[in-house]
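Below: the structure, in structure tokens.
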Amino acid sequence: MSATINTVIIGTGSYIPENIISGNEFLNSTFFENGSRLEKENSEIIHKFSEITEIVERRYVCPDQLSNQIGAKAAEKAIQNAGIDKETLDYIIFCHNFGDIPLNSNRIDVLPSLASKVKQQLGISNTDCVAYDIIFGCPGWVQGSIQADYYIKSGDAKRVLVIGAETLSRIIDPHDRDSMIFSDGAGAVIYEGVNQTEKKGILAHKTETHALHHGGLLTMGKGSNPEETGGNAYLKMNGRKLYEFAVIQVPQVIKKAIDKAGLTIEDVNIVFVHQANGKMDTAIMKRLFKLYNLDTVPENLVPMTISWLGNSSVATVPTLLDLVLKGQVKGYNVKEGDVAVFASVGAGMHINAFVYRF
Ligand SMILES: CC(C)(COP(=O)(O)OP(=O)(O)OC[C@H]1O[C@@H](n2cnc3c(N)ncnc32)[C@H](O)[C@@H]1OP(=O)(O)O)[C@@H](O)C(=O)NCCC(=O)NCCS
């Protein structure tokens, strides 16, 4: 068998913001729905929220931190972990949706690109290292990885850094109880093209965009507090419809990626799924196994961080990968030859997945 270029992970890093926001932080919030104040006690709302999402706490950045800065921190760790010269990076792809939002500014800053800001902070002088951003909802980091795979397999690029970072705490509506899902974080991964006869790294991928009927499930919208007169300043979702969409569609896209790799679910050792919410992720995995006529999802297949990290959008999957590879998710590790699935879903609505052999 002749050698081909494989896209393999050579380094990972993450940045977990230090401010731990427990449910109690919302005890004094005023929640509204459809123009009226919710009658339930906040303690009851918070308890119910944890029950239906499995989220107990989440992380927010410090007042002076921005997305580009936490992205740079994760990137620095990934470069260190890979043990490479940063000047050898061919691309820096920064995946986010809201750019930098200074505290209380409600203004999105995306100029220059966050990837350019990271390149500047890392002190990379090589002008052949191309830095740009992609906006692709929560599946941004998975899509950035798929782009990296295309660049590397074309032979044009050798090393690509893909960052996923978001500060959702700056864009959520404090009067919407669904906002308790969201958090801040950053993860980064370096891919390298390696000539090998054995098929390793990214084996196959699949992406879909369901815009026509589902583009309105996650959008910018007005605040829930009827007294607020501002425009579409907040991240809003139709949680129930989103849940129904994801549970039906995501398993099918994951299966298409596994099919493209010429494998079956029983070949998969670990699944890095977007930490959207615990209940939804469990339902997605159950449906995925059902597509293979299997009734049970094996234990220790799906590492989860949702209970203590919440949903940090583009950052969940690379952060989860970094924590597993560094032995920080109890009961989970990967060994040479293991097959992983990476999958995500979010605003667009986009769904994507790739299959990877370690
Ligand atoms: C938002 C979401 C948590 C709501 O859960 P749900 O089970 O669909 O909620 P329902 O509307 O059926 O309501 C069920 C109960 O939960 C309550 N509830 C709904 N949303 C709630 C919230 N955010 N916090 C607290 N309680 C909530 C309802 O009041 C209802 O309570 P009751 O049984 O006492 O009447 C859920 O739809 C969801 O997780 N959607 C996907 C969101 C997501 O993953 N977004 C990110 C995508 S990248």
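The values are calculated or read from the model by the stated rules, or taken from the named source; none is laboratory data. In this text the structure is predicted, and so the values were computed from the model without any measurement. When we count neighbours, we look across all protein chains shown, and the Cβ atoms used for this are built from the backbone with ideal geometry, even at glycine.
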Item checked: Any hit, the stretch 321-337, residues being buried (at least 20 other Cβ atoms within 10 Å of the Cβ), among the aliphatic types (A, V, I, L, M) and either within 16 Å of the ligand (Cβ to nearest atom) or closer than 17 Å to residue 246 by Cα (or both) -> no
Note to self: Please go through the stretch 274-302 and give me each residue that is within 16 Å of the ligand (Cβ to nearest atom), among the basic types (Lys, Arg) and at pLDDT 95 or above, ordered by number.
What the structure shows: 286, 287
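Give 104, 97 a once-over and let me know the one that is surrounded by 15 or more Cβ atoms within 10 Å (Cβ to Cβ) and not small (Gly, Ala, Ser). Can you show your working first?
Details: 104 fails: surrounded by 15 or more Cβ atoms within 10 Å (Cβ to Cβ).
Going through 104, 97 in turn, just one is surrounded by 15 or more Cβ atoms within 10 Å (Cβ to Cβ) and not small (Gly, Ala, Ser): 97.
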Next item on the list: With the checklist (1) over 23 Å from residue 342 (Cα atoms); (2) touching a Lys or Arg at 6+ places or on another chain (Cβ under 7 Å) in hand, flag the one item residue 54 doesn't pass.
Entry: (1)
Margin query: For the stretch 22-44, which positions are within 10 Å of the ligand (Cβ to nearest atom) and charged (D, E, K, R)?
Written below: 33, 40, 44
Item checked: Counted residues, the stretch 23-39 - those being surrounded by fewer than 15 Cβ atoms within 10 Å (Cβ to Cβ) and either of a type in the set (S, T, N, Q) or assigned by TED's automatic domain parsing to the domain that holds residue 226 (or both) -> 5
Item checked: Flag if residue 13 is at pLDDT 95 or above, touching a helix residue (DSSP H, G or I) at 6+ places or on another chain (Cβ under 6 Å), closer than 28 Å to residue 238 by Cα and not acidic (Asp, Glu) -> no
Check: Out of 212, 235, 242, which single residue is in the same structural domain as residue 279 (by TED's automatic domain parsing), more than 9 Å from the ligand (Cβ to nearest atom) and part of a helix (DSSP H, G or I)?
Finding: 212
Next item on the list: Considering each residue of the stretch 45-72, count those that are under 23 Å from residue 104 (Cβ atoms), among the small types (Gly, Ala, Ser) and either within 15 Å of the ligand (Cβ to nearest atom) or not assigned by TED's automatic domain parsing to the domain that holds residue 102 (or both), and give that number.
Entry: 0
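Residues in the stretch 115-129: is at least one of a type outside the set (S, T, N, Q), part of a helix (DSSP H, G or I), outside the structural domain of residue 322 (by TED's automatic domain parsing) and within 18 Å of residue 7 (Cα to Cα)? Talk me through it step by step, then tell me what you get.
Going through the stretch 115-129, the residues of a type outside the set (S, T, N, Q) turn out to be 115, 117-119, 122-124, 128-129.
In the following step, the residues that additionally are part of a helix (DSSP H, G or I) were identified as 115, 117-119, 122.
Subsequent filtering for residues that are outside the structural domain of residue 322 (by TED's automatic domain parsing) retains 115, 117-119, 122.
Filter again for within 18 Å of residue 7 (Cα to Cα), leaving none.
No: the stretch 115-129 contains no residue that is of a type outside the set (S, T, N, Q), part of a helix (DSSP H, G or I), outside the structural domain of residue 322 (by TED's automatic domain parsing) and within 18 Å of residue 7 (Cα to Cα).
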Check: Assuming residue 271 fulfils every condition listed in (1) within 20 Å of residue 329 (Cβ to Cβ); (2) in contact with a strand residue (DSSP E or B) (Cβ under 8 Å, 6 or more places away or on another chain); (3) β-branched (Val, Ile, Thr); (4) part of a helix (DSSP H, G or I) apart from one, which condition is it?
Finding: (4)
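I'd like the full set of residues that are more than 16 Å from the ligand (Cβ to nearest atom) and either surrounded by 23 or more Cβ atoms within 10 Å (Cβ to Cβ) or outside any helix (DSSP H, G or I) (or both), limited to the stretch 303-320. Lay out the reasoning, then the answer.
Residues of the stretch 303-320 that are more than 16 Å from the ligand (Cβ to nearest atom), as a first pass: 303, 308.
Answer for the stretch 303-320, where residues must be more than 16 Å from the ligand (Cβ to nearest atom) and either surrounded by 23 or more Cβ atoms within 10 Å (Cβ to Cβ) or outside any helix (DSSP H, G or I) (or both): just 303.
Could you count how many residues in the stretch 345-358 are in contact with a strand residue (DSSP E or B) (Cβ under 6 Å, 6 or more places away or on another chain) and within 11 Å of the ligand (Cβ to nearest atom)? Quick ask: steps written out before the conclusion?
Residues of the stretch 345-358 in contact with a strand residue (DSSP E or B) (Cβ under 6 Å, 6 or more places away or on another chain): 345, 347-348, 350-357.
When the remaining residues are screened for being within 11 Å of the ligand (Cβ to nearest atom), the result is 345, 347-348, 350-351.
Looking only at that region, the number is 5.
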Checklist line | the stretch 180-209, subset under 30 Å from residue 45 (Cβ atoms) and hydrophobic (A, V, I, L, M, F, W, C), residue farthest from the ligand (Cβ to nearest atom) | finding: 186
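Conditions (1) part of a strand (DSSP E or B); (2) of a type outside the set (D, E, K, R), marked per residue:
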{"residue": "160", "(1), (2)": "yes, yes"}
{"residue": "165", "(1), (2)": "yes, yes"}
{"residue": "173", "(1), (2)": "no, no"}
{"residue": "205", "(1), (2)": "yes, yes"}
{"residue": "224", "(1), (2)": "no, yes"}
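Would you confirm, using the coordinates I've provided, whether residue 219 is within 30 Å of residue 76 (Cβ to Cβ), in contact (Cβ under 8 Å) with a residue 12 or more places away in the chain and outside the structural domain of residue 107 (by TED's automatic domain parsing)? Full working, then the answer.
On the way: within 30 Å of residue 76 (Cβ to Cβ): no; in contact (Cβ under 8 Å) with a residue 12 or more places away in the chain: yes; outside the structural domain of residue 107 (by TED's automatic domain parsing): yes.
Taking the combined requirement at face value, the residue does not satisfy it.
Take the conditions under 18 Å from residue 235 (Cβ atoms) and touching an Asp or Glu at 6+ places or on another chain (Cβ under 8 Å) and apply them to residue 109. Does it pass? Steps first, answer last, please.
Working: under 18 Å from residue 235 (Cβ atoms): yes; touching an Asp or Glu at 6+ places or on another chain (Cβ under 8 Å): yes.
Here the answer is yes, as residue 109 does meet what is asked.
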Check: Name the pairs whose Cβ atoms lie under 8 Å apart, with the first residue in the stretch 334-358 and in the same structural domain as residue 250 (by TED's automatic domain parsing) and free of Cβ contacts under 8 Å to residues at least 60 places away in the same chain, the second more than 16 Å from the ligand (Cβ to nearest atom) and of a type outside the set (D, E, K, R), and 6 or more positions between them or separate chains?
Finding: 335/358; 336/358; 337/358
Item checked: Residues located in the stretch 27-46, provided they are within 18 Å of residue 236 (Cα to Cα) and not aliphatic (A, V, I, L, M) -> 29, 30, 31, 32, 33, 34, 35, 36, 37
